[in-house]
1. Suppose we keep just the alpha-carbon trace of region 685-800; what are its Rg and Dmax in angstrom?
2. Rank these by accessible area, largest first, 1.4 Å probe: D58, D523, D826.
3. For the chain, what does -39500 (n - 2.57) per DSSP helix run (n ≥ 4), summed and divided by total residues, give at 222 nm, in deg cm²/dmol to the nearest 500?
4. For T595, put the label point 7 Å out on the Cα→Cβ axis and report which residues of region 630-651 keep their amide N under 17 Å from it.
5. Note the direction-averaged projected area, equal to a quarter of the hull surface, for the Cα convex hull of region 290-444, in nm².
6. Ranked by accessible surface with a 1.4 Å probe, highest first, in what order do D351, D571, D314 come?
7. Two decimals, Cα atoms only, Kirkwood Rh: what is Rg/Rh over region 691-745?
8. Report the antiparallel proportion of the DSSP beta bridges in the chain as a percent, rounded to a multiple of 5.
Amino acid sequence: MLRHWFRLTCLFVVLLTLPLAALSVAAQPRRAPSTSSPRRSTALPSPASVLKFTPGDDRTIADWRQITDYFRRLDQVSDRVLVKTLGETTLKRPLIAAFISAPENIRDLAKYQDIQRRLADPRLAGDEAERDRLVRAGKTVVVISCSIHSTEIVASQMSMQLAYELASAEDAETREILQNTILLLLPSANPDGVDIVASWYRQTLGTPYEGTEPPELYHHYAGHDNNRDWFMLNLKETQLITRLFWKEWFPQIVYDVHQQGSNGSRFFIPPFYDPPNPSIAPLLLREVGLVGHRIAADLQAAGFKGVITNALYDTWWHGGFRTAPYYHNSIGILSEAASARLMTPITITRDQLAKSSSRGMPSALQPATNFPDPWPGGQWRPRDIMRMELIAARSVLSLAANYREKYLRNFYDLGWHATTAPRAGERPAAYLIPAGQGQDEVVAKFIGLLVAQGVEVQRLETEMHGVFGEPLSGLSAADSRAPMAAYQPGKYREQPAGSYLVLLAQPYRANVQSLFERQVYPDRRAIGGEAERPYDVAGWTLPMQMGIEVVPVLSFDSHNSRVKLITDENDVRRDLGLKLHNGTRSPVANPLKGTVRLALYKSWTSSMDEGWTRYVFDTFNVPFHSLLDREIRAGNLREKFDVIVLPSMRLRELLEGRASDTAPVEFTGGITEAGVENLRRFVEEGGTLICFDAASELAIKRFNLPVRNVLEGSKSSDFYAPGSILRIDVDTSHPIARGLPPHMDAYFINSSAFAATDESRVRVVARYAEKDVLRSGWLLGEKLIAGQIALAEVGLGKGRVVLFGFRPQHRGQTWGTFPFIWNALDVAAAK
């Protein structure tokens, strides 16, 4: 039965992907074949000739208009460069990619795109002879992406120099790179941020604030978290680049260029630190290490000190620019260069280096096998960063060119192994999202994001019969290769038409595993028993975050079932009768039942939690006002607003705001004690104050609420939950829990748990479960949180304070707990 189903799936994939070779390249006007001399490129404009400064020079910065202007000039005169606009960013700037290769490759991009498509899905590649022909004919496709984090600005400047050198050089190594690779160079994955940073840097140049971070998020919604969106695909930039990668070009190597803090190593490059994610193919981990060691060796040979491997950054977490490739059979490389102050040089002392430590680096001055030649300190310039990044880029391209066939064959083999049906007893054959869950918008978002990143999803046009199980609560990603016995015994039954089916036998099987299965992070302790902090979060299981029922399919009858392959989110929305995406405003309907005057506090400290809350409100078309420090300090809040939302920020950050020595006075100072008093008055006069996670500290301590955070002051050896999904029990009779189930999953990121000191004044909406609190991730000290308050409403005067112990809108991912927010707003509107 599985073989029959597998053949049907292959047929659907072939029919779906036949026109893909024309998707991106055919829309680009074809350039006439070059008739000029091969050395014509020596006359190309250099970045310095266009910008009037050399990229990397101290106290100079090119903004996005200058960067795109330079790349378009290259496109016009070089037959090695083709610039494509992928679409518009969140703030309507063009997001571009420069294709750089030998002229004959540029002229034949459609051919190579088709080869990539067929290598990425071996079901399209035919027999072994055809596979070998594709490997011989193909080119290694390499992505180099710069400055997704816009304060890590040097790479965006470096991109122009790298493009110029590849377009103009005639040496043998460059020619081999151009002949054997196709480079997709992204000058920045965040053009809006490049302009935000460039504008701020120019404004503050020559002032005491030179080189500081801008007083706004450098991505409109996400700030630094724009590199945490690579499976959720909330942001326009993520969506555009994901389409480029996993729908159009299927790169073998993705290199993401970053900067880190100033006082540690000069340059991090893989291999990564432990733990690895068990869904990542071991071959990919080996290949990542190989590329990293080559870069490290080349930097050492060039005389650079302070290069480190096997430190700080790990491969556990899924969701970053360089981690998403692992789940698409591609190599993901991260580099992190020590930062200057934007484009201003700094001096680092030995004392600063001696005090710097991280996982895998006891001291920035202590030699080790992974850090054999520490940097002794001194002046550190943007030019140093740029030189290291250029060498690293060349190393990646040189490897990709020299071992072209090896990379293509390994890429194919990983996809081939993923498309083979699981052997009997190994794991579920598929996951099924049953019809009729009563939350169509959530299902549409879930299916849409899967399809957008290349996961194959099919809609049942008829009933399906088979053996369907319930996920065992103890099953973890670490158990992902466990036998079928790891699942609870299944029952033979039917699933209704309109359900959605995700087979495991598909090229991006690892992506399905990582998003659907439960994560159990290993218990890792530092000296003294303190928890060793992961690089990012520990758990992210998507059906749990989104509150969707997913059923493992242990076996099924494919002969009597009819399916339709889903091509995009609009397919799902059409099936469910929802308004379609039209590329502009979000089609999601406002969930509120009444009208409420809503304000969201916006700090000059650039709170990512505020940005994600804005994103959620905008996605659901909920009107709101961004409330600034000066407005809170001015008072009269109740006359203007019914509800004020405080994003997750600690009391001190809310009170003091941005430090006075980091920005002009209009961007510093916080809400102050006067603002706290005005917020209290707002509640006492009948307003509703909603506090997300850490912001609860302000209300509890400054309003003297009869509540305490039982986790405050806990050592990580006693309690620790770094980005995990926890079970909560819900009082469904409370208006804030209207329409919700009695047991839910909530996102906890070193968050809060409350106990009432006067139960008569505290109405509990939800508590953390009494036992088995952890659903996905890592939790130390369950006994400290079990049964404690997770969400409560506390009266104050004529108004009320709503205290969230968890993050109900974490990174725009937790659709399952969004209804708590809408219900809290509806209750305020009703009052």
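The values are calculated or read from the model by the stated rules, or taken from the named source; none is laboratory data. Just so we're clear, the structure is a prediction, and the values are computed from it rather than from any experiment. Cβ placement follows ideal geometry from the backbone for every residue including glycine, while neighbour counts extend to all protein chains displayed. The area values use the complete protein model at the heavy-atom level, side chains included, leaving out ligands, DNA and RNA. Shrake-Rupley method; radii C 1.70, N 1.55, O 1.52, S 1.80 Å.
1. Computed over the Cα atoms of region 685-800, radius of gyration and Dmax are 14.1, 43 Å.
2. D523, D58, D826
3. Dividing the helical sum by the residues of the chain leaves -9500 deg cm²/dmol.
4. Inside the label zone: 639-643.
5. 14.7 nm²
6. These residues rank, largest area first, as D351, D571, D314.
7. Values: Rg = 14.3 Å, Rh = 13.8 Å.
For region 691-745, the value is 1.03.
8. On the way: 66 of 105 bridges.
In the chain, DSSP labels about 65 percent of beta bridges as antiparallel.
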